[in-house]
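One structure is given here, and the rest of the page talks about it.
Just so it is clear, none of the values below were taken in a lab; they were calculated from the coordinates. Small disclaimer: the values here were computed from a predicted structure and weren't measured. Cβ: placed from backbone, ideal geometry, glycine included. Neighbour counts: every protein chain shown.
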Amino acid sequence: MNKIPLVSIIIVNYNGYHLLKNCLESVLSNTYKNIEIIIADNGSSDQSISKIKSDFRHYLSKKIKIIDLKKNLGPSLARNLAFKHSKGEIIAFLDNDTLVKKNWINKALPFFKNNKIGVIQSKLLLMEQPKNIDYVGEYFSNLGFLKSIAKYGEIDKHQYDKTKYILAAKSAGMFIRRQAFIDAGMFDSDYFIFMEETDLGWRVWLQGYKNILVPNSIVFHKFSSTKNIVDPDFNNYLIRFHGTKNYVQTLIKNLSGLNLLKILPIHVFLWFSLATFLLCTGKFKSAKNIYHGILWNLSHLRQTLKKRTIVQKNRFISDKKLFETYHLLYKTNLRYYVNKFFASQKTVITPETSVK
């Protein structure tokens, strides 16, 4: 890695200029100057592009590039398309509802001197409650769901301030080595939204890299801002359909054969049971979207199996080493997720709060 590598910062925007403006200002004021910012706009109707060109016109030829995608392609494909316009040795992904600490890049980059490091997760703190944790990484569970290392909203007492291995990072504040991104096959554009970072991070591990949390690199995240932008029914569709669909296909693609046979049937049964419960309690749209997510995987099984063949053929690490040597498997029971689900009904329902 070069001593002062170019960092390409990719931000996807959809009708969020009121958030993006502050995000860009914080990025431009950071202490690391060898950067380029690439904004992929997913067909915003709030005049995001014209406002960027007006408010940040002095940076357009030097620091900021705008990719006008004309319509909402989803974060996964948008990030991939933005990446094709990037030149950086290191790629930083941010969500448009984030603010970064000034030394956010400087704290992360030294770890990339180890050429085995593929992904770095910054510590995500809640923008409106900066002493509380949003996210510091995740593990995989024996039921096929994810387990966040920190509880959402937990007070930050520096209990997670040691660098550690994680399965994957969130795009709200992550870095990835350019070559690792290419080797892993970039984001899977079939995901549209939700679980795309987990799938990517998992594939980075399988390519022989390692993913870590670097807690001194800090990003502030405005949690669940998307729900205030999109229609409630569409938000339900995004969460329930894409959450279910993408969880299942992530397991099919990335688990070894034996673990797939052990975990996938239980995992699908739990999704089916959740949908049936929601149906019986009158939450018909949520139930329908989960059933739809399960059926999508049946109708697209051949396509997913082709992806699985590529992933498994090119993997450099076994599940045993991944989950046991690097301690990325969290063993839990069904009661844990049932309690998490009912707790989530009292707050904002997202894939993170309902199944992690």
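Here are the numbers:
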{"item": "Förster radius 30 Å - calculated FRET efficiency between residue 305 and residue 325 (Cβ-Cβ, nearest 0.05)", "result": "0.60"}
{"item": "Equivalent ellipsoid dimensions for the chain as semi-axes, Å, which come from the Cα gyration tensor, largest first", "result": "30, 24, 20"}
{"item": "For region 140-225: rounded, prolate or oblate by the Cα gyration tensor [a/c cutoff 1.5]", "result": "prolate"}
{"item": "Mean-position separation - Cα centroids, region 27-76 and region 142-192, in angstrom", "result": "24"}
{"item": "Summed residue charge, Cβ within 11 Å of residue 20's Cβ, Lys/Arg positive, Asp/Glu negative", "result": "-4"}
{"item": "Relative contact order (%) - criterion: Cα under 8 Å, at least six apart; region: the chain", "result": "18"}
{"item": "Using a Förster distance of 30 Å, the FRET efficiency for residue 216-residue 182 (Cβ separation, nearest 0.05)", "result": "0.65"}
{"item": "Potential lengthening between residue 33 and residue 189 on full extension [0.36 nm per residue; Cα-Cα distance subtracted]", "result": "53.1 nm"}
{"item": "Mean Kyte hydropathy of 1.6 or more with a Cα span along the axis of at least 27 Å, helices from DSSP in the chain", "result": "257-280"}
{"item": "Shape category assigned to region 172-217 from the gyration tensor of Cα positions, a/c cut at 1.5", "result": "oblate"}
{"item": "Efficiency of FRET from Cβ geometry, residue 151 and residue 68, R₀ 41 Å, rounded to 0.05", "result": "0.55"}
{"item": "Stretch gain in nm, segment residue 318-residue 131, where the contour uses 0.36 nm per residue and the Cα spacing is subtracted", "result": "63.5 nm"}
{"item": "Those residues of region 1-43 whose amide nitrogen sits under 17 Å from the label point placed on residue 87, 7 Å along Cα→Cβ", "result": "2-10, 33-39"}
{"item": "Contour minus Cα-Cα distance for residue 273 and residue 102 (0.36 nm per residue)", "result": "57.0 nm"}
